[in-house]
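For reference, the structure is listed below as structure tokens.
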Amino acid sequence: MFVEPSTVIIGGGPAGAVAGRLLAAWGHRAVILEKTSSHPARGLAESIPPSARKLLGRVGVLDAVDAAGFFQSTGNTVWWGSAECRVESFGNGRPPGLQVHRPALDRLLLQCAIDSGVEVRAGARVRSVTLDDGRWRVEFERGGSRESLRCEWVLDCSGRSGVLARCFRLHGHRTCALVGAWRARAWRLPDPSHTVVEAYDRGWAWSVPLSATERQVGLMIDARSAEGGPRTDRGPRPDEGPRSKAQGLIKAYHAELERTAQLRRHLRDATLDHVWACDASTYSSSEYGGRHVLLVGDAGSFVDPVSSFGVKKAVGSAWMAAVVVNTCLRHPDRQAAALELFSSWERDVNAATAERSREFACAAAERFPNPFWTARAASREPSAMTDERSLRDALRQIQETDELDLALNEAVAYERRAVIRDREVVLEDAFPSGIRFKDNVDLMALARLAGRYRQVPDLFEAYQRANGPVPLASVVGGLSLLVAKGFLIKKDVMRW
């Protein structure tokens, strides 16, 4: 007997596959509607940093990713804001990063979802999503016939196409990516496993290896400067055939590559296989969720690729979405809090990555005062949780003191805010304005421990015993924030 799914997921990329896998593993019926995949030759290479391993483990796919045999990387080689080369190593003792071909990664994650009990309907093109007697009806075409599913929740994981998300889209900087696939017996690089990044006068370039002999090299330029040259749409102009269009794209790619100072040198002994263009413009959303709909991963926002955060962000968004849906299905009274937590997370992640990209743009603009860089350097997001000077002063105070001697400020009025515990959203105490976590540190837990220890190393060890491993810098940063905001104060101030 057919049982209606609790959740229909539009899109089977990393976000859709991970969200579906988690929901199925937690006892919910989920169906993924997956369009026919694009040609694998146009699949992008992407870097996954070692910091993503914890998240991949949390969503249950780390073993499968490790077993897939993706090319391993030990770091990055960077020319940015300076002619000097900067080598960023992931460090001894740390696991390597992974260089993945997105079509291969997408297939792997989708298989993980299928293995967990998710039903995937391939070749499905969604035509409408409407309310039908309190439930969503998703209509789609597949194999020449029209089908429909009714469900409680719809997750838009359709990426840039944004089946539902495009109605809420806020556009950022328009960027065109010109991408070439290269082959060589050996690469002229300090470390051939590295991702290579270079800023130049009209944009920036990246080079990601997929094997010891294969690399993709992308050139990120202002989309307006590409108009009239390479096109990112699907069809030729009326006066140009596919052959002339391809030749024009290759010519534009080589012309842009010649503007780089370093990457073009490293490609002298390499052979170009093919070139394509794609849209890499950034965007966010005015809303990320509501009425049993969530905009997940790249459907909700697309972060600047310079952040190297794309896959990690998509998987994190999928995990959040699965937790929210699981909570709402089991505890409908928590729905409002769960939806707000998801939206806040999406907004905060987008703001943080935008600020990081802006910092990169500022460094590049100092050397290349081109509109590409000056416009991106000027687009600053609102500051996060506290003023930078107060935070620096608090950090200096902690570093210079012999003993912490801190206690919770009794004048602080706590708020009830949503947090994630295991696979559910629950309501717990938070500091004013909902401040609860920073850099994966539970600030409430840290504040309650701070009054019991006078030395930072002792507090750090106690926090790790109670809450799991985090970097020392994150704990010190969290402590600085608590002091800067006045949530922790000196005990002698309390006595006075």
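The values are calculated or read from the model by the stated rules, or taken from the named source; none is laboratory data. What you are looking at is a predicted structure, and each value in this text was computed from that prediction instead of being measured. Here the Cβ positions follow ideal geometry from the backbone for every residue, glycine too, while neighbour counts run over all protein chains shown.
Brief remarks follow.
- Scanning region 257-288 for residues that are charged (D, E, K, R), out of contact with any Leu (no Cβ under 9 Å at 6 or more places or on another chain) and not in a strand (DSSP E or B) gives Glu258, Arg265, Arg268, Asp269.
- Residue among Glu340, Glu346, Glu366 that alone is in contact (Cβ under 8 Å) with a residue 60 or more places away in the chain and under 19 Å from Val59 (Cβ atoms): Glu346
- Only residues that are within 25 Å of Arg421 (Cβ to Cβ), surrounded by 12 or more Cβ atoms within 10 Å (Cβ to Cβ) and basic (Lys, Arg) were counted across region 453-472, and they come to 0.
- Meeting the requirement of 2 or more residues that are among the basic types (Lys, Arg), in the same structural domain as Val325 (by TED's automatic domain parsing) and on the phi > 0 side of the Ramachandran plot, no helices (runs of 4 or more DSSP H) wholly within region 384-496 can be named.
- Taking region 97-137 as the range and being crowded, with 18+ Cβ neighbours inside 10 Å, of a type outside the set (Val, Ile, Thr) and not in a helix (DSSP H, G or I) as the test, the residues that pass are Gly97, Leu98, Gln99, His101, Ser116, Ala124, Trp136.
- Listed by first and then second residue, the pairs linking a residue in region 474-490 that is within 14 Å of Phe437 (Cβ to Cβ) to a residue that is assigned to a loop (DSSP other than H, G, I, E, B) and of a type in the set (D, E, K, R), with Cβ atoms under 9 Å apart and 6 or more places separating them unless they lie on different chains, are Ser474/Asp439; Val475/Asp439; Gly477/Asp439; Gly478/Asp439.
- Contact annotation: residue pairs with Cβ atoms under 6 Å, 6 or more positions apart or on different chains, pairing a residue in region 384-405 that is modelled with pLDDT of 75 or more with a partner that is of a type in the set (Lys, Arg) and part of a loop (DSSP other than H, G, I, E, B), are Glu403/Arg454; Leu404/Arg454.
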